[in-house]
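Take a look at the structure below.
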Amino acid sequence: MADQSKNFDVIVVGAGFSGLYMLHVLRQAGFSVRVIDMASDVGGTWYWNRYPGARCDVESLSYSYSFDEDLQQEWEWKERYAPQPEILDYARHVAERFDLRRDIQFDTRVTAAHFNEDTSRWTITTDDGDRYSAHYCVMATGCLSAPRRPDIPGAELFGGEQYHTGLWPHDEVDLTGKRVGVIGTGSSAIQSIPQIAKAACHLTVFQRSAHYSVPAWNGPLEPEVQNAYKARYPEYRERMRTSDAGILYDTHDINLKPAREVPEADREREFEKRWKKGAFNFQNTFSDVTKNQESNDLYVDFVHRKVREVVNDAKLAELLCATDFPLGTKRLCVDIDYFETYNRDDVTLIDLKATPITEITEDGVRTSAGHHELDVIVFATGFDAMTGALNNIDIRGCGGQALREKWADGPRTYLGLAVAGHPNLFTITGPGSPSVFTNMIVAIEQHVGWIRDCLIWMRDQGLDRIEASTAAEDEWVDHVRQLGEQTLYPKAKSWYMGANVPGKPVVFLPYIGSQHTYAQTCEKIAAQGYEGFDTARRTSDVASATEVDLGGQPEAVAQP
Ligand code: FAD
Ligand code: N01
């Protein structure tokens, strides 16, 4: 007897901003949907990343859904850059407001997704041994959702507390009076270090590469500012959707010019002006920060002078000046009092390039220069980005082909949305799409809308199988690579390149062309009857959405 409670039109994996919106629109379109998430609540990134100081670096009024006018008008943001608890509250509010929870299964990890060529359906297996069947599977598993800890000898011996910023405990972590070590100086570290320093009795920061950081100039969002912004939401959202990165910048002539072609005095004035606006406004001062080394050097020189102005100790200031990679080729950090924190007597910076970590001991961290006694170690060491969460699932397409094996030399997708050999599978903000180069909610809404339209079209056409063609995928992969090679990004050992994870293939993961151009490409492909996709009617009559029997043992899957 078929278990009808486990048969769906669509299974969505992940209940972050991608999964929540996907559920909402598919349900509205009449599909039966189940969302599965290993978290205990909605929010994705904002459920997991609860470390002190966590907040968005795209302004809250922009880093929010645009799909519902009442929602965007009624939600009141309290700060220019909302802290994690506020963003999590927002995600919960969305779940309540659109009655989403009844179709979400929490505390459940998807371990496998296997395609059955006879039924054109996916069998999804979870860590509690349950199996679900769905016509379509949408991976809303996130780009930055697979935290990684480096393999440092002795970590299991440490007798104190250990935390990863991306897996921060839900109960309060009391750092008062403790000796804390933070490993890493990327965005998560740069946000948390000033907060941890305030609580700890001593903070030791272990830095391998210094990172570039621009002040957020965060503050309360005054009601008149918020109301004025909201009054222009339709115009602003449209400008975001038709921009390069989904972010609302002032349109100004200067940012269309290469930095190196602007006279020094003008350049300095413009840098200063954008620095005072904070965050990504600074990176966007001129047109070519990640395209031309000479221009990039001018940015770097400006930022180094800012660091030297803030940090009192000249030697320390030099250590904090990023030099290993061009500015912007690792995500620019946005901070509140980061460099100022190093003026405290109770904060020590350890330069791991000069004195690498050799081991973690029972009571601290040893470097080649000595031992640092610690009560707490915070790993702010980032993520297996873009492909990690997908590769953590045993995804198998036609002929039992494992996605991880197909992607052994780097991910291959068509538009970052679909994978050849894996019919009826979609990835929201998948590798090969603009995703992490954008205000991600803009990218998410665009992908979700495209997938919804595609499934409606499939239903209207009486089709039940859609698959990216290998030719279209090859062409797209080449296009993504070529665009990346025209930039300075390959110069950095970044997660954009997969270079932060030992053994991971080093390839350009996101699509660096503009979000707007990309969205137009996706629209054109859809308008041309999903060009580059092969479609088919059911290959056999064995199953309908309510007929698949999920009882018994999982079927054996042929190894490729
Ligand atoms: P996620 O929020 O990552 O959600 C994915 C969900 O999938 C998670 O809940 C996870 O538990 C679940 N999942 C994954 N694998 C499985 C599995 N096998 N089984 C079951 N469930 C699974 N972007 C911006 O644009 N602006 C910002 O300011 C910004 N700030 C950020 C700050 C931090 C600290 C981090 C880490 C990221 C930030 N990002 C930011 C990127 C952020 O990830 C996206 O903006 C957005 O929240 C992603 O939403 P999502 O739903 O696609 O993925
Ligand atoms: O991770 P990261 P993250 N020994 O990879 C170091 C988003 N985000 O969690 O640079 C010593 O950037 C590593 O050193 P190095 C945002 O997109 C946004 O901070 O490789 N150190 C680096 O310093 C961001 O880009 C916000 O030399 C080791 C750090 O760990 C992305 O998430 C906030 C090491 C990792 O930095 C990831 O950010 C937080 C080792 N073995 C996150 N291994 C906002 O502000 C790694 N490191 C919105």
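Counting GluC sites (Glu not before Pro) as exposed when in a DSSP loop with at most 14 other beta carbons within 10 Å, what is the longest stretch of the chain free of them? Each step should come with its number before you reach the end.
On the way: sites that count: GLU76, GLU117, GLU172, GLU362, GLU531, GLU547, GLU555.
Counting at most 14 other Cβ atoms within 10 Å as exposed, the longest clean stretch of the chain is 173-361.
Would you work out the charge dipole size for the chain about its Cα centre, treating the Cβ of every Lys and Arg as +1 and the Cβ of every Asp and Glu as -1, and quote it to the nearest 20 debye?
Result for the chain is approximately 660 debye, rounded to the nearest 20.
Under a plain spin-label model, where a point goes 7 Å from the Cα along Cα-to-Cβ, how far apart in nm are THR111 and ARG459?
Result for the modelled spin labels: 3.3 nm.
By how many nm would the segment from HIS170 to ASN312 lengthen if fully extended, with 0.36 nm per residue of separation less the alpha-carbon distance? Please list the in-between numbers first.
Numbers: separation 142, 0.36 × 142 = 51.12 nm, distance 3.63 nm.
Residue separation times 0.36 nm, minus the Cα-Cα distance, leaves 47.5 nm.
Taking the dipole about the Cα centre of the chain, with the C-beta of Lys and Arg at +1 and of Asp and Glu at -1, give me whichever of HIS422, CYS201, TYR496 is farthest to the positive side.
Checking the options against the dipole of the chain, the answer is TYR496.
Note the per residue figure in Å³ for the convex hull of the C-alpha positions in the stretch 155-379. Numbers along the way, then the final one.
Numbers: hull volume 35.8 nm³, N = 225.
Hull volume over Cα atoms, normalised by residue count, gives 159 Å³.
Apply 1/(1 + (r/R0)^6) to the Cβ-Cβ distance of LEU483 and GLU69, taking R0 = 51 Å, and write down the FRET efficiency to the nearest 0.05.
Values: r = 35 Å, r/R0 = 0.68.
After rounding to 0.05, the efficiency reads 0.90.
Quick one: which residues, 5 or more positions from SER133 or on another chain, have an amide H under 5 Å from its amide H? H modelled 1.01 Å from N in the peptide plane, none for Pro or chain starts.
Amide H to amide H, under 5 Å and 5 or more residues apart or across chains, SER133 pairs with ASN7, PHE8, ILE124.
Past 26 Å, Cα to Cα: identify those pairs from LYS230/LYS276; LYS277/LYS491; LYS78/LYS306; LYS330/LYS524, in the order given. Intermediate results must be reported in sequence, preceding the final value.
Working: LYS230/LYS276 23 Å; LYS277/LYS491 28 Å; LYS78/LYS306 29 Å; LYS330/LYS524 31 Å.
Correct reply: LYS277/LYS491; LYS78/LYS306; LYS330/LYS524.
Would you mind giving the average projected area, over all directions, of the Cα convex hull of the stretch 422-467 in nm² with one decimal?
Values: hull surface 12.9 nm².
Convex hull of Cα atoms, orientation-averaged projection: 3.2 nm².
Can you compute the helix-only [θ] at 222 nm over the chain? Use -39500 (n - 2.57) per DSSP H run of at least 4 residues, normalise by all residues, nearest 500 deg cm²/dmol. It would help to have the intermediate numbers written out before the result.
Working: 17 runs with 173 residues, N = 560.
Computed mean residue ellipticity for the chain: -9000 deg cm²/dmol.
Starting from the stretch 301-378, pick out the trypsin sites (Lys or Arg not before Pro) whose DSSP state is loop and whose Cβ has at most 15 other Cβ atoms within 10 Å. Intermediate results must be reported in sequence, preceding the final value.
On the way: sites: ARG305, LYS306, ARG308, LYS315, LYS330, ARG331, ARG344, LYS353, ARG366; in loops: LYS330, ARG331, ARG344, LYS353.
Passing both the DSSP loop test and the Cβ count: ARG344, LYS353.
Any idea what the dipole of the stretch 155-379 comes to, in debye rounded to 20, about its Cα centre with Lys/Arg Cβ at +1 and Asp/Glu Cβ at -1?
Details: 27 positive and 37 negative charges, 144 e Å.
So the magnitude is around 700 debye.
For the stretch 259-315, what Kirkwood radius comes out of the mean inverse Cα-Cα distance, in Å? All intermediate terms of the calculation are to be shown ahead of the outcome.
Numbers: mean 1/r = 0.0848 Å⁻¹.
Taking every pair of different Cα atoms in the stretch 259-315, averaging 1/r and inverting gives 11.8 Å.
What are the ³J(HN,Hα) values, in whole Hz, obtained from phi via the Karplus relation 6.51 cos²θ - 1.76 cosθ + 1.60 with θ = phi - 60°, for each residue of the stretch 368-380 in sequence order, with x given for Gly and Pro?
Computed from phi, the couplings for the stretch 368-380 are 5, 9, x, 10, 10, 6, 9, 9, 9, 10, 10, 8, 10 Hz.
So what's the Cα pair-distance distribution over the chain, bin width 20 Å, in %?
20, 54, 24, 2
R0 = 25 Å: FRET efficiency of ASN343 with SER368, Cβ-based, nearest 0.05? All intermediate terms of the calculation are to be shown ahead of the outcome.
Numbers: r = 27 Å, r/R0 = 1.07.
That pair, ASN343 with SER368, gives E of 0.40.
Can you tell me what share of the DSSP beta bridges in the chain is antiparallel? A percent to the nearest 5 is fine.
Values: 28 of 67 bridges.
If we restrict to bridges inside the chain, about 40 percent are antiparallel.
List every DSSP H helix in the chain whose Cα atoms extend 24 Å or more along the helix's own long axis and whose mean Kyte-Doolittle hydropathy is at least -1.0. Display every interim value, and only then the final one.
Details: long enough: 293-310 (26 Å, -0.88); 440-461 (31 Å, 0.29).
Long hydrophobic helices here: 293-310, 440-461.
Quick check on the stretch 155-379: of the DSSP beta bridges with both residues there, what percent are antiparallel, nearest 5%? Intermediate values should be presented prior to the final figure.
On the way: 8 of 29 bridges.
Antiparallel bridges make up about 30 percent of those DSSP assigns within the stretch 155-379.
For the stretch 148-192, compute Rg over Rh where Rg is the Cα radius of gyration and Rh is the Kirkwood radius from the inverse mean 1/r over Cα pairs. Please list the in-between numbers first.
On the way: Rg = 11.5 Å, Rh = 12.3 Å.
That ratio is 0.94, to two decimals.
For a quick check: with amide H placed at 1.01 Å from N, whose amide H comes under 5 Å from ALA39's, ignoring anything fewer than 5 positions away on the same chain?
When sequence neighbours closer than 5 places are left aside, the close amide H contacts are ASP107, THR108.
In nm², what is the average projected area of the convex hull enclosing the Cα atoms of the stretch 288-395?
On the way: hull surface 41.3 nm².
Computed as one quarter of the Cα hull surface, the answer is 10.3 nm².
Give a residue-ordered list of calculated ³J(HN,Hα) values for the stretch 417-430 (Karplus: 6.51 cos²θ - 1.76 cosθ + 1.60, θ = phi - 60°; whole Hz; x for Gly, Pro).
10, 8, 10, 4, x, 10, x, 6, 10, 10, 10, 7, 6, x
Bear in mind these aren't lab numbers, they're just calculated from the coordinates by the rules spelled out. These numbers were taken from a predicted model, which means no experiment stands behind them. Cβ coordinates were reconstructed from backbone atoms using ideal geometry, including for glycine residues, and neighbour counts include every protein chain displayed.
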